[in-house]
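Presented below is the structure to which this report refers.
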Amino acid sequence: MSKHDTHADHHHEELPFWRKYIFSVDHKVIGVQYTITALVFLMFGFALMMIMRWQLAYPGQPIPFIGKYLGDTIALDGILSGDGYNAFGAMHGTIMVFLAIVPLGVGGFGNYVLPLQIGAPDMAFPRLNMASYWIYLPGGIIMLASFFMPGGAANSGWTSYAPLSVIATTGQTMWLLGMVFLITSSLLGSVNFIVTAVQLRAKGLSFFRLPFFVWAQLVTSFLLLLAFPPLEAAAVLQLMDRVAGTSFFMPTGLVVSGVEQAHLSGGGSPLLWQHLFWFLAHPEVYVLILPALGIISEIIATNTRKPLWGYKSLVYSAIFLGFMSFIVWAHHMFMTGMGTTLSTFFQATTMIISVPSVIILTCLIISLYGASIRFTVPMLFALSFLPMFAIGGLTGLPLGLTASDIHLHDTYYVIGHFHYVVAPGTIFAVFAGIYHWFPKVTGRMMNSTLGRLHWFFSFIFINGVFMPMLFQGMAGILRRQYDQSEQLHGASAQGLSVMVSWSAWLLFVAQIPFIINFFWSIWKGQKVGANPWEATTLEWAAPSPPPHGNFDTVPVVYCGPYEYSVPGKKTDFCPQHVVA
Amino acid sequence: MSAAVAIPHDMEPHPVTGMYNGKFGLWLFLASEVMLFGALFSSYVLLRMGAPEGTWPKHGAEILNVPLATFNTVVLITSSVTMVMAWAALKMNNIARGQLFLTVTFLLAGAFLVVKYFEYSEKFNHFEVWLKEPMVVDGNSVSSIRGHLAKDCPPLTKETHIRAFAIPEFILLDPDAPAGSKEHPPTLRIDGGNIRRISDFGPAHSTFLATYFTLTGLHGLHIIGGMVVILYFMLTGSRFAQKRPDKYADRIECTGLYWHFVDLVWIFLFPVLYLL
Amino acid sequence: MSHHEMTAEEVSHHVRTYLKVFGALLVLTVITVGVFYLHLPIVGAVVVALIVASIKGSLVACYFMHLISERGLIYWILALCALFFVVLLLLPVITDHEAVGTVTH
Ligand code: HEM
Ligand SMILES: [Cu+2]
């Protein structure tokens with residue numbers, strides 16, 4: 001309990017290993033724990049999809065190498081089964097969104113960087129922070145353990161639409177339990193982030209001197225705080241439906257395989273699930289992208305050696321984006337038979353929300369104008385993020401317009417759309433962030449040649465994966481199909497499926513330089529000092545790696561976050577903690 | 001815990017919020033709780049508005065026990081008062097009195113749960129039988145009958161597939177006394193062949209009871225959570241308070257905020273579930 | 001404002017307020033239950049019950065939770081929360097009720 005130890009105390013203490021690296025309360029250790037765990041989940045989710053891509057490229061053929069190890073329920077005779085495909089698809093989505101991207105963007109980068117950037121010694125509630133991680137991890141393990149349930153893992157899609165999910169196998173119950181853990185973890189985390197960002201800012205660090213990354217995290221935390229509880233409520237209701245025999249989401253008179261499922265109960269509403277789910281899940285997509293935008297902004301400012309263009313517009317746009325994201329959710333439900341007045345309303349809000357997204361993108365692009373750019377590895381990822389995010393955002397517009405959504409809904413076009421935002425978007429931002437802050441975390445640089453290889457091939461193949469999906473979708477190929485070639489338009493689009501699959505497998509190969517680079521650099525990378533990129537924000541004022549408690553002397557802030565190339569200065573950067 | 005770094009505003013209020021970290025954090029947490037109960041409340045309204053004719057009770061009191069719930073409302077309000085009194089006592093450095101009020105709060109919370117237990121178990125011993133062909137009970141032709149299983153009725157078994165009771169060969173039911181009378185009609189024998197569905201008054205009975213159990217169950221979990229925290233401070237409090245009285249008062253203030261919120265939720269649940 | 005530097009006198013003043021609020025809450029509870037036994041038509045019953053509950057809730061929030069003496073930021077955050085809460089409550093209104101509770105073929 002005692003936080004009254006003086007600041008100097010902690011330098012002398014030697015903690016046992018398990019307190020220092022496993023049950024640590026240090027935000028940096030927790031950030032690294034989140035990052036590593038989430039990267040493992042990312043890899044696992046990717047592996048699931050690589051297996052599914054075999055079925056899509058070569059339907060009905062045995063999966064080479066690993067097919068025989070998957071077990072009879074998932075792959076009989078090495079051929080992926082329909083049930084196996086469904087389970088893999090549902091778990092791919094769930095793992096990627098809830099166990100990989102959010103924990104990377106918020107748990108990993110947010111935890112590590114945010115307290116440093118505001119000059120704080122740690123999070124406001126260090127032990128709560130530790131609890132967040134240790135609730136997230138069991139949540140993830142529960143999710144994965146569901147593969148060993150009778151009937152396999154959850155197989156009703158990452159959206160778990162009722163009534164399908166209510167009558168699904170036991171894996172779905174595990175999914176719901178896992179979600180309750182993950183939501184709880186996120187809620188604790190978001191409370192911690194908001195309190196930290198508001199109350200622990202260093203002296204002189206007013207709100208409009210905060211790096212954009214901190215703003216992005218702050219808005220993200222509010223989204224998590226207020227949007228996640230409705231999904232928690234929905235999960236509780238679905239859990240009741242599954243284990244207590246209620247029928248919140250089960251309509252009266254529903255007959256499945258000749259058995260009436262819910263009678264006389266008063267009747268539930270499958271649409272209620274969709275509403276509660278998307279009330280979270282639309283804000284959730286901004287939870288996926290905002291931290292990425294934060295990371296990219298930092299990297300662009302540092303490597304263009306210019307202040308970000310339109311810092312205030314960026315901040316206001318992020319806030320507006322967060323706010324609007326609560327009133328667009330029904331654009332995922334245009335096809336559920338809602339009235340025209342209502343769909344017009346949600347169409348309008350959806351068009352409005354794309355404005356701040358475009359403002360953010362425009363600010364970042366204008367920031368490049370006239371700069372003498374340093375083409376470092378993080379900057380390459382950041383630069384390629386911009387057009388990828390643009391494609392992702394722009395392909396959202398036809399989906400937000402009801403007339404075109406009738407054609408595009410539930411096709412591969414939707415898959416293409418959101419993957420452009422999260423894969424070459426957020427995941428590229430995550431890579432950029434890893435290359436950018438690696439020297440802070442380890443005190444060593446990552447190898448630049450391997451990094452360039454990683455970037456170049458990832459960039460090529462990731463487009464090979466997602467660009468064809470947009471065309472397949474427009475040709476009418478539906479999502480969540482076990483065998484696309486059986487669909488009427490299939491013939492002409494099958495070649496594209498093969499191309500996508502091969503791109504995906506090659507994308508995996510392109511990650512090998514990264515993996516090698518990551519481990520090699522931890523031990524062998526070139527040693528660097530506190531501020532290798534000559535950046536201005538406070539995290540670079542701390543030693544690399546920063547000790548427990550972060551700063552040698554408590555920093556005081558004298559200027560805004562991106563004072564690069566200020567005329568009349570000796571260096572081309574003025575750190576925030578240096579008197580101008 | 002040792003090895004702690006000194007966190008700013010751990011105790012002194014921050015100028016922007018006027019709060020110390022813990023209190024600000026607790027308020028944020030409560031905001032998320034509002035959204036949690038809000039979603040459930042909204043689901044309740046949606047399901048009720050959409051319920052087919054005759055599947056929703058006219059008001060909760062038709063099925064639920066209003067006097068018990070009124071009693072519980074008073075218990076919970078009182079516990080809120082004792083909670084805030086505990087904090088006030090600690091602010092005046094009267095630790096013994098603070099601990100006493102804390103203990104009373106804990107006991108009141110326990111009382112609430114005991115009453116809730118009786119309410120719940122009453123529901124699980126009460127049955128409704130929906131008939132295929134109407135039967136005549138007490139001179140009225142009815143299509144569903146409520147009552148308790150007679151002593152010599154063979155036990156019911158759960159059918160897993162549709163998550164309901166299996167239809168037995170026959171049941172022996174003591175029907176409820178009709179409204180306004182105390183006299184029970186004689187025990188009825190109902191043939192399995194005429195039973196469409198049979199259910200206790202548990203969550204599976206109807207969407208109304210499903211909502212009732214989910215909302216009060218979740219609220220009950222919040223009570224239990226609060227009791228655990230209060231118990232912790234009851235046990236460790238006097239040592240803690242001796243060492244750092246002001247910090248201890250802060251902790252109790254935060255616990256209190258949570259506790260009042262739980263009370264506040266009940267203030268809405270009570271009329272919505274029981275009286276409307 | 002924070003209650004950190006409160007004098008004993010202020011605290012005992014608070015205590016008197018708490019007791020008054022307690023009394024008010026009890027009276028309001030009696031009113032809610034009393035009104036129920038009048039068996040008003042449904043709309044009236046809902047309106048009365050929700051108004052009384054809101055008054056009780058506000059009393060608890062303002063006095064027991066000291067919201068009345070807090071300042072600035074927390075009001076904004078709670079207002080935001082309240083706004084999204086209202087959006088949530090619109091769910092039933094925007095859902096097509098024909099479709100609830102039955103299977104549409
Ligand atoms: C900027 C403007 C954006 C617009 C106008 C937009 C619009 C839409 C619309 C209307 C849909 C529903 C399509 C359908 O199911 O028929 C959709 C799906 C989706 N969007 Fe976006 N979006 C935008 C940005 C984003 C961002 C930034 C992300 C995430 C990082 C994202 C992630 C998703 C996801 C995950 C889905 C699919 C959910 C599913 O059905 O499984 N979108 N988008
Ligand atoms: Cu959306």
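Here is a yes/no grid of residues against (1) over 19 Å from the mean Cα position of the chain (by Cα); (2) within 20 Å of A:VAL285 (Cα to Cα):
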| residue | (1), (2) |
| --- | --- |
| A:SER146 | yes, no |
| A:PRO150 | yes, no |
| A:ALA154 | yes, no |
| A:TYR161 | yes, yes |
| A:LEU164 | yes, no |
| A:GLN172 | yes, no |
| A:GLY178 | no, yes |
| A:ILE183 | no, yes |
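Would you tally the residues in segment B:198-217 being more than 8 Å from every other protein chain (Cβ to nearest Cβ), part of a helix (DSSP H, G or I) and open to solvent by 10 Å² or more (accessible area, probe 1.4 Å)?
Adding up the residues that qualify gives 1.
Would you check which residues across segment B:44-63 are more than 8 Å from chain C (Cβ to nearest Cβ) and open to solvent by less than 10 Å² (accessible area, probe 1.4 Å) and list them?
Once the filter is applied, which keeps residues that are more than 8 Å from chain C (Cβ to nearest Cβ) and open to solvent by less than 10 Å² (accessible area, probe 1.4 Å), segment B:44-63 yields only B:GLY60.
Consider A:MET240 against the criteria (1) among the aliphatic types (A, V, I, L, M); (2) touching a residue at least 60 places away in the same chain (Cβ under 8 Å); (3) more than 14 Å from chain C (Cβ to nearest Cβ): it satisfies all of them except one. Which criterion is unmet?
Every condition holds for A:MET240 apart from (2).
For segment C:45-62, which positions are within 8 Å of chain B (Cβ to nearest Cβ) and either farther than 13 Å from C:TYR18 by Cβ or aromatic (Phe, Trp, Tyr) (or both)?
C:ALA45, C:VAL46, C:ALA49, C:LEU50, C:VAL52, C:ALA53, C:LYS56, C:GLY57, C:ALA61
From the set of residues in segment B:220-276 that are buried (at least 16 other Cβ atoms within 10 Å of the Cβ) and of a type in the set (Gly, Ala, Ser), which is farthest from the chain's Cα centre (by Cα)?
B:ALA241
Go through A:GLY370, A:GLY393, A:GLY425 for me and flag whichever is open to solvent by less than 20 Å² (accessible area, probe 1.4 Å) and either in contact (Cβ under 8 Å) with a residue 12 or more places away in the chain or acidic (Asp, Glu) (or both).
A:GLY425
Out of (1) over 24 Å from A:PRO270 (Cα atoms); (2) more than 10 Å from ligand 1 (Cβ to nearest atom); (3) surrounded by fewer than 16 Cβ atoms within 10 Å (Cβ to Cβ); (4) free of Cβ contacts under 8 Å to residues at least 24 places away in the same chain, what's the single condition that is false for A:PHE323?
(3)
Take A:VAL287 and decide whether it is surrounded by fewer than 24 Cβ atoms within 10 Å (Cβ to Cβ) and of a type outside the set (Ser, Thr, Tyr).
no
Can you tell me which residue is farthest from A:PRO138 (Cα to Cα) among those in segment A:44-66 that are without any contact (Cβ under 8 Å) to a residue 60 or more places away in the chain and of a type in the set (A, V, I, L, M)?
A:ILE63
Hey, does segment A:350-367 have a residue that's more than 20 Å from the chain's Cα centre (by Cα), in a helix (DSSP H, G or I) and within 12 Å of ligand 2 (Cβ to nearest atom)?
yes
Given the residues C:VAL103, C:VAL87, which is the only one that is modelled with pLDDT under 85 and more than 8 Å from chain B (Cβ to nearest Cβ)?
C:VAL103
Kindly indicate whether A:GLY337 is away from ligand 2 (no atom under 16 Å from the Cβ), surrounded by fewer than 20 Cβ atoms within 10 Å (Cβ to Cβ) and within 11 Å of another protein chain (Cβ to nearest Cβ).
Answer is yes for this residue.
Is at least one residue of segment A:125-140 under 30 Å from A:SER247 (Cβ atoms), within 14 Å of another protein chain (Cβ to nearest Cβ) and free of Cβ contacts under 8 Å to residues at least 60 places away in the same chain?
no
Scanning for something more than 16 Å from ligand 1 (Cβ to nearest atom), crowded, with 24+ Cβ neighbours inside 10 Å and within 14 Å of chain C (Cβ to nearest Cβ), does segment A:203-218 turn up at least one residue?
For segment A:203-218, residues more than 16 Å from ligand 1 (Cβ to nearest atom), crowded, with 24+ Cβ neighbours inside 10 Å and within 14 Å of chain C (Cβ to nearest Cβ): present.
Of these, B:PRO67, B:PRO13, which one is within 7 Å of chain C (Cβ to nearest Cβ), free of Cβ contacts under 8 Å to residues at least 24 places away in the same chain and not hydroxyl-bearing (Ser, Thr, Tyr)?
Of B:PRO67, B:PRO13, the one residue that is within 7 Å of chain C (Cβ to nearest Cβ), free of Cβ contacts under 8 Å to residues at least 24 places away in the same chain and not hydroxyl-bearing (Ser, Thr, Tyr) is B:PRO13.
Report, ordered by the first and then the second residue, all pairs with beta carbons closer than 7 Å, sequence separation of six or more or different chains, a first member in segment A:347-358 that is away from chain C (no Cβ under 14 Å), and a second member that is outside any helix (DSSP H, G or I) and within 12 Å of ligand 2 (Cβ to nearest atom).
If the second residue must be outside any helix (DSSP H, G or I) and within 12 Å of ligand 2 (Cβ to nearest atom), the pairs left are A:THR350/A:VAL328; A:ILE353/A:VAL328.
Quick one: which residue in A:GLY84, A:GLY45 is at pLDDT 95 or above and part of a helix (DSSP H, G or I)?
That would be A:GLY45, the only listed residue that is at pLDDT 95 or above and part of a helix (DSSP H, G or I).
Suppose the filter is buried (at least 17 other Cβ atoms within 10 Å of the Cβ), of a type in the set (Lys, Arg) and either more than 30 Å from B:ARG244 (Cα to Cα) or modelled with pLDDT under 95 (or both); does B:LYS132 pass it?
When the stated conditions are applied, B:LYS132 does not pass them.
If you go through segment A:304-311 one residue at a time, do you hit one that is more than 13 Å from ligand 1 (Cβ to nearest atom), open to solvent by 10 Å² or more (accessible area, probe 1.4 Å) and within 14 Å of another protein chain (Cβ to nearest Cβ)?
no
Looking at this structure, is B:ALA31 in a helix (DSSP H, G or I) and buried (at least 21 other Cβ atoms within 10 Å of the Cβ)?
Criteria met by B:ALA31.
Might you let me know whether segment A:257-275 holds any residue that is under 28 Å from A:PHE389 (Cα atoms) and either within 16 Å of ligand 2 (Cβ to nearest atom) or open to solvent by less than 10 Å² (accessible area, probe 1.4 Å) (or both)?
Looking for residues that are under 28 Å from A:PHE389 (Cα atoms) and either within 16 Å of ligand 2 (Cβ to nearest atom) or open to solvent by less than 10 Å² (accessible area, probe 1.4 Å) (or both), one finds at least one in segment A:257-275, hence yes.
Using the structure shown, decide if A:GLY495 is surrounded by fewer than 20 Cβ atoms within 10 Å (Cβ to Cβ) and assigned to a loop (DSSP other than H, G, I, E, B).
no
The values are calculated or read from the model by the stated rules, or taken from the named source; none is laboratory data. Keep in mind the model is a prediction, meaning the values are calculated, not measured. Because the Cβ atoms are built from the backbone with ideal geometry, glycine has one as well, and the counts that use them run over all protein chains shown. To get the accessible areas, we keep the full protein, side chains included, count just its heavy atoms, and leave off ligands, DNA and RNA. Shrake-Rupley method; radii C 1.70, N 1.55, O 1.52, S 1.80 Å.
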